[in-house]
Structure formats: structure tokens, C-alpha cells
Amino acid sequence: MLGSTGLVEPWDDHLEESVQARIAGAKNIVVTTGRVGLRYSRLLFPDREVVLAGGKIKEALSAAQGKEIVLCGLPALILKYIRPDILLGTGYATVEELSASPDFTRISGRVLAAYKKQHPEIRVVLVNRDGTVIGESP
């Protein structure tokens, strides 16, 4: 699977261990999924350690257990991680298509609110390719 930029960074066990070690050692952490999220996370949260986790969201969040965490980036990987069946019954083929629709705010808001209830220590911030916040957990 290619990232939204079309670039893929190889992941190996050593790199994953390095990411987990950075997360475990950081006090204020932002986990992001790609280069766009990395750039805007650094701008939105300059006082936090920003770590690129790619598709390893579950592992990154596990390494940050017990800390307040921000999960920030483009909506596709994040919303599919939070709710894998998010597109079911919506009529949209991709999360990117959903994010450009008038239904996005309602659907993503419901998903983010439910996730926040289950994981109160995790703040989710969704941005578009221009860095505008398009969704945020309550």
C-alpha cells in the first residue's frame, strides 16, 4: 500500500523499536502516520515530540500507554484504524472521498466521539493536505 504522497519508507524491526523507544521516552507525544501529518503536527504542536509511526498506529499507541497522546494526520489511516468499517453503508469508496463530502463532519464526529469515550487519553486531530484541522475528538 502506498502512502498518500506515493512514497513508501521501509519499516523493519529495528526502526519500529526505535520509534517505540522515542515514544516511551517522550513526555508529550504526537503520533502521526505520514509526511503530511508529520509536517503539520510539528506546526500545530511545537511543544511536543512528533513521531512518525506510519501504519504502526497500534504499536505506537501501546508504547505511549499511560501518557496523554495526540494522534494527528490525514484522515484515511487514522479513521480506518479507529473504525475499520467506517465506509460501510456510506456509499463512499475511500476515506478521502468521504472527507470531501458533506457527510464527513457528521460521520467522523460520531467516530471520534466514540473513540474518545473508549480512549480518553488520546486526542485525535485530523488535518487536510493544506494543514487545516478538519476533525477533532471532543
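Of all residues in the stretch 97-113, those satisfying the criterion of being without any contact (Cβ under 8 Å) to a residue 24 or more places away in the chain and of a type outside the set (Ser, Thr, Tyr) are Glu97, Leu98, Ala100, Pro102, Asp103, Arg106, Ile107, Arg110. Would you say Ile23 is of a type in the set (A, V, I, L, M) and at pLDDT 90 or above? Considered against the rule, which asks whether it is of a type in the set (A, V, I, L, M) and at pLDDT 90 or above, Ile23 comes out as no. Out of the stretch 39-57, which residues are assigned to a helix (DSSP H, G or I) and surrounded by 18 or more Cβ atoms within 10 Å (Cβ to Cβ)? Across the stretch 39-57, the qualifying residues are Tyr40, Ser41, Ile57. None of Tyr81, Tyr115 is open to solvent by less than 40 Å² (accessible area, probe 1.4 Å) and of a type outside the set (A, V, I, L, M, F, W, C) except Tyr115.
The values are calculated or read from the model by the stated rules, or taken from the named source; none is laboratory data. Note that the structure is predicted; figures quoted are calculated from it, not measured. With ideal geometry, Cβ positions are generated from the backbone for all residues, glycine too; neighbour counts draw on all protein chains shown. The protein model used for the area step is the full one, side chains on, heavy atoms only, and it has no ligands, DNA or RNA in it. Shrake-Rupley method; radii C 1.70, N 1.55, O 1.52, S 1.80 Å.
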